[in-house]
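Note sheet for the following structure.
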Amino acid sequence: MAPPFALCSPEVTAALADGAPVVALESTIITHGLPQPRNLEVAAELEAIVRAGGACPATVAVLDGVARVGLSEAELERIASVPVRKAGLRDLAVLGALGGDGGTTVSATAFLAARAGVRVFGTGGLGGVHRGWVDTWDESADLAALASTRITVVSAGVKSILDIAATLQRLETLNVTVLGYRSATFPGFYLSSSGHPVDWTVDTPEQVADVMAAQDALGVPPSAILVANPVAPEAQLEQGLHDRVLEEALAAAAAQGISGQRLTPFLLQQMLEGTGGASLEANLAAVRGNVALAAQIAVAWQGASGG
Ligand code: PSU
Ligand code: MN
């Protein structure tokens, strides 16, 4: 028999079979976003937050070419300790055919989670339209993936290294439903607000689950819901510092000719260095809040869908 290309962990398989709440987590943040050994600590912490919220965590990654939904402790340790590729949706088939490990981005994680039957996914900030798009055409594959994947993603908006206004326009074009969570403005990843208004605001996990149920009942084409959950104001990066360091980071990327998959990790690393680590703390505060909310939504969804 041919080897499987995708596998759920025994725990995730059992949770899905029982109709228990499950929350997908991405792994690029572990493989590309955090220094060792902090990355493993954070990976374990995020899983613990999901569990404390009453849901089963399903960290997604590729191991030896096999797309995995739910990792054991040893497998988490493995992706946190050896260098692996950054894997978007289009890379999964190549890894499957040629073998190798990969940290999955939002596009790959959303696809694999939905394929396994997981409806809720918690992450930091989505990819989107990069600044200078008119010259580079660099728009994250996250957006197209969310346009064709039935999943609810909780994030602190999109990474603030991006062109946020353009990304919001693209999310509209792509029919991705955007819900501000207890916020009338779209968050700015490291910042509580990007200053851009959102069309819809919800206040409870149950309302999000109701929107998911309505999506299914209407049979709208497979598309995602983005729950835009701002980082707490007391945990956000100071706006002046953010703007100054980001300008330097964008200039450094241009000067060094950084493009493609390397651009996002490069800019985030520049932000980390330029803010003396403060950007990382804001990023982590956002991720923790998103993952906790994702667990609440998964629990509400299980209630709404009858488990
Ligand atoms: N966190 C990081 N580095 C990253 C990402 C997250 O520290 O590269 C990933 C996310 O998984 C997101 C992806 O889906 O960046 C978007 O990258 P790109 O702009 O290459 O599509
Ligand atoms: Mn890109």
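The values are calculated or read from the model by the stated rules, or taken from the named source; none is laboratory data. In this text, all values refer to a predicted model and were calculated from it rather than measured experimentally. Using ideal geometry, Cβ is built from the backbone for each residue, glycine included, and neighbour counts are taken over all protein chains shown. Surface accessibility is based on the protein's heavy atoms, side chains included, excluding ligands, DNA and RNA. Shrake-Rupley method; radii C 1.70, N 1.55, O 1.52, S 1.80 Å.
Brief remarks on what is shown
- Residue of SER155, SER259, SER107 that the Gaussian network model of the chain assigns the largest fluctuation, springs spanning Cα pairs under 10 Å: SER259
- Quotient of C-alpha Rg and 2.2 N^0.38 Å, computed over region 1-53: 1.39
- Computed about the Cα centre, the dipole magnitude for the chain is approximately 440 debye when only Lys and Arg (+1) and Asp and Glu (-1) carry charge, each at its Cβ.
- For the chain, a Gaussian network of Cα nodes joined below 10 Å ranks ALA255, ALA116, ALA80 by mean-square fluctuation, and the top entry is ALA255.
- Solvent-accessible area per residue for the chain (1.4 angstrom probe, square angstrom): 42 Å²
- Candidates LEU92, LEU71, LEU241: whichever shows maximal mean-square fluctuation once the chain is modelled as a Gaussian network with Cα springs under 10 Å: LEU241
- Helical segments meeting 18 Å axial Cα length and Kyte-Doolittle 0.0 threshold in the chain (DSSP H): 38-52, 205-218, 239-255, 278-304
- Cα lying deepest toward the dipole's positive end in region 186-299, options TRP200, ALA298, ALA251, charges on Cβ: ALA251
- Calculated P(r) of region 222-270 - Cα pairs past 14 Å, %: 65 percent
- For region 75-89 versus region 231-307, the gap between their alpha-carbon centres in whole angstrom: 19 Å
- Expressed as a whole percent, the accessible area of region 6-305 that falls on carbon and sulfur atoms is 55 (1.4 Å probe).
- Projected label distance in nm at ALA14 and THR136, using a 7 Å step from Cα toward the beta-carbon: 4.5 nm
- In the chain, the DSSP-assigned H stretches of four residues or longer account for a calculated mean residue ellipticity at 222 nm of -14500 deg cm²/dmol, using -39500 (n - 2.57) per stretch and the full residue count as denominator.
- Its convex hull of Cα atoms gives the chain a direction-averaged projected area, equal to a quarter of the hull surface, of 15.1 nm².
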